[in-house]
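Enquirer: Right, I'll just put the structure down here and ask away after.
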Amino acid sequence: MPAPRYRSRSLKRRFIRTPGGRTVVHYKKKRHSYAKCAVCKGRLNAVPTGPRVEIRKLPKSMRRPNRPYGGYLCPKCLREKIKSEVISEGLHILEIQS
Amino acid sequence: MAYLLGVGRVCVKTAGREAGRKCVIVKVIDKNYRLVTGPPELTGVRRRKCNIKHLEPLPYVLDIGEDASDEEVAKKLLEANILSEQDLVKKQVKP
């Protein structure tokens with residue numbers, strides 16, 4: 001039975017064969033997933049990676065960039081979104097005028 | 001249809017914390033930069049230098065002079081009634 005501190009599911013177990021033929025368990029901390037853009041799934045800058053509990057303790061300005069859709073869309077996707085809205089709005093107005 | 005980024009051109013900021021907000025070009029600084037203003041109390045975009053890459057032009061041009069003041073731009077912008085409801089900055093009523 002492993003020692004109490006190892007009886008946690010947040011540790012990854014890896015079974016390793018030693019030269020002597022024994023198999024030994026190595027415990028590794030699970031890695032937290034990083035923030036991803038909702039559209040292009042690219043990594044988001046200025047958003048910390050780590051356990052949710054720790055991130056929640058940070059001040060809001062350190063949890064996500066100070067931008068519309070900050071922490072949700074990457075800058076490139078946000079720009080494309082705004083441009084497409086502007087263009088569709090622009091076309092909408094051109095139709096009214098013509 | 002490439003709109004010219006000249007003085008008086010109304011455009012939308014596509015980057016930075018003011019992304020998605022409408023603003024007016026007040027002065028051409030050089031090839032890459034324009035002086036832009038919202039004005040702040042109207043659309044929340046402060047009077048500042050802005051790279052043209054961060055601007056997306058709209059099909060409107062206000063006839064304002066070079067380096068016009070914020071009040072003048074505000075007046076012309078309201079006259080042209082381009083701004084919709086959600087463009088305007090909500091007045092935060094101090095408790």
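Enquirer: May I ask you to verify whether residue A:38 is assigned to a loop (DSSP other than H, G, I, E, B), open to solvent by less than 70 Å² (accessible area, probe 1.4 Å) and under 25 Å from residue B:52 (Cα atoms)?
Expert: Details: assigned to a loop (DSSP other than H, G, I, E, B): yes; open to solvent by less than 70 Å² (accessible area, probe 1.4 Å): yes; under 25 Å from residue B:52 (Cα atoms): no.
No: the conditions fail for residue A:38.
Enquirer: For residue A:32, state whether it is touching a Phe, Trp or Tyr at 6+ places or on another chain (Cβ under 9 Å), open to solvent by 70 Å² or more (accessible area, probe 1.4 Å) and in contact (Cβ under 8 Å) with a residue 12 or more places away in the chain. Spell out the reasoning first.
Expert: Working: touching a Phe, Trp or Tyr at 6+ places or on another chain (Cβ under 9 Å): no; open to solvent by 70 Å² or more (accessible area, probe 1.4 Å): yes; in contact (Cβ under 8 Å) with a residue 12 or more places away in the chain: yes.
The answer is no for residue A:32.
Enquirer: To continue, here is another question. Can you name every residue in segment B:56-66 that is farther than 14 Å from residue B:16 by Cβ and surrounded by 10 or more Cβ atoms within 10 Å (Cβ to Cβ)?
Expert: Step one: list which residues in segment B:56-66 are farther than 14 Å from residue B:16 by Cβ, which gives B:57-66.
Those that are farther than 14 Å from residue B:16 by Cβ and surrounded by 10 or more Cβ atoms within 10 Å (Cβ to Cβ): B:57, B:58, B:59, B:60, B:61, B:62, B:64, B:65, B:66.
Enquirer: While we're looking at this one, here's another question. Filter segment B:1-28 for residues that are open to solvent by 30 Å² or more (accessible area, probe 1.4 Å), in contact with a helix residue (DSSP H, G or I) (Cβ under 9 Å, 6 or more places away or on another chain) and within 13 Å of chain A (Cβ to nearest Cβ) and give the result.
Expert: So the first thing to find is which residues in segment B:1-28 are open to solvent by 30 Å² or more (accessible area, probe 1.4 Å), and the list is B:1-5, B:7, B:16-17, B:20-21, B:27-28.
Subsequent filtering for residues that are in contact with a helix residue (DSSP H, G or I) (Cβ under 9 Å, 6 or more places away or on another chain) retains B:1, B:3, B:5, B:16, B:20-21.
Listed by number, the residues that qualify are B:1, B:3, B:16, B:20, B:21.
Enquirer: Report yes if some residue within segment B:67-85 is in contact with an Asp or Glu (Cβ under 8 Å, 6 or more places away or on another chain), within 18 Å of residue A:68 (Cα to Cα), of a type in the set (Lys, Arg) and open to solvent by 20 Å² or more (accessible area, probe 1.4 Å); otherwise report no.
Expert: no
Enquirer: Could you tell me which of the residues B:31, B:53 is charged (D, E, K, R), within 13 Å of chain A (Cβ to nearest Cβ), more than 20 Å from residue B:88 (Cα to Cα) and open to solvent by 10 Å² or more (accessible area, probe 1.4 Å)?
Expert: Numbers: B:31 fails: within 13 Å of chain A (Cβ to nearest Cβ).
Within the list B:31, B:53, the selection yields B:53.
Enquirer: What residue, of A:70, A:90, A:50, is surrounded by 11 or more Cβ atoms within 10 Å (Cβ to Cβ), under 30 Å from residue A:3 (Cα atoms) and small (Gly, Ala, Ser)?
Expert: Working: A:70 fails: under 30 Å from residue A:3 (Cα atoms); A:90 fails: under 30 Å from residue A:3 (Cα atoms).
When all the criteria are applied, what remains is A:50.
Each row is one residue, and each column tells you yes or no for (1) aliphatic (A, V, I, L, M); (2) within 18 Å of residue A:86 (Cα to Cα).
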{"site": "B:4", "(1), (2)": "yes, yes"}
{"site": "B:12", "(1), (2)": "yes, yes"}
{"site": "B:17", "(1), (2)": "no, yes"}
{"site": "B:21", "(1), (2)": "no, yes"}
{"site": "B:26", "(1), (2)": "yes, no"}
{"site": "B:32", "(1), (2)": "no, no"}
{"site": "B:40", "(1), (2)": "no, no"}
{"site": "B:46", "(1), (2)": "no, no"}
{"site": "B:56", "(1), (2)": "no, yes"}
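Enquirer: Quick one: is residue A:24 among the β-branched types (Val, Ile, Thr) and open to solvent by 70 Å² or more (accessible area, probe 1.4 Å)? Let's see the steps before the verdict.
Expert: Values: among the β-branched types (Val, Ile, Thr): yes; open to solvent by 70 Å² or more (accessible area, probe 1.4 Å): no.
Judged against the criteria, residue A:24 is not a match.
Enquirer: What number goes with the only condition from (1) open to solvent by 60 Å² or more (accessible area, probe 1.4 Å); (2) at the interface with chain B (Cβ under 8 Å from one of its Cβ atoms) that residue A:82 does not pass?
Expert: For residue A:82, the exception is condition (1).
Enquirer: OK, next. Checking the conditions here, which among A:59, A:48 is farther than 18 Å from residue B:19 by Cβ and in contact with a helix residue (DSSP H, G or I) (Cβ under 6 Å, 6 or more places away or on another chain)? Let's see the steps before the verdict.
Expert: On the way: A:59 fails: in contact with a helix residue (DSSP H, G or I) (Cβ under 6 Å, 6 or more places away or on another chain).
Exactly one residue qualifies, and that residue is A:48.
Enquirer: Residue A:43: among the charged types (D, E, K, R), surrounded by 11 or more Cβ atoms within 10 Å (Cβ to Cβ) and within 14 Å of chain B (Cβ to nearest Cβ), yes or no? Lay out the reasoning, then the answer.
Expert: Values: among the charged types (D, E, K, R): yes; surrounded by 11 or more Cβ atoms within 10 Å (Cβ to Cβ): yes; within 14 Å of chain B (Cβ to nearest Cβ): no.
It is false that residue A:43 is among the charged types (D, E, K, R), surrounded by 11 or more Cβ atoms within 10 Å (Cβ to Cβ) and within 14 Å of chain B (Cβ to nearest Cβ).
The values are calculated or read from the model by the stated rules, or taken from the named source; none is laboratory data. Everything numeric here is computed off the predicted structure, so don't read it as measured data. Glycine gets a Cβ as well: all are built from the backbone with ideal geometry, and neighbour counts include every protein chain shown. SASA here: full protein model, heavy atoms, side chains in, ligands and nucleic acids out. Shrake-Rupley method; radii C 1.70, N 1.55, O 1.52, S 1.80 Å.
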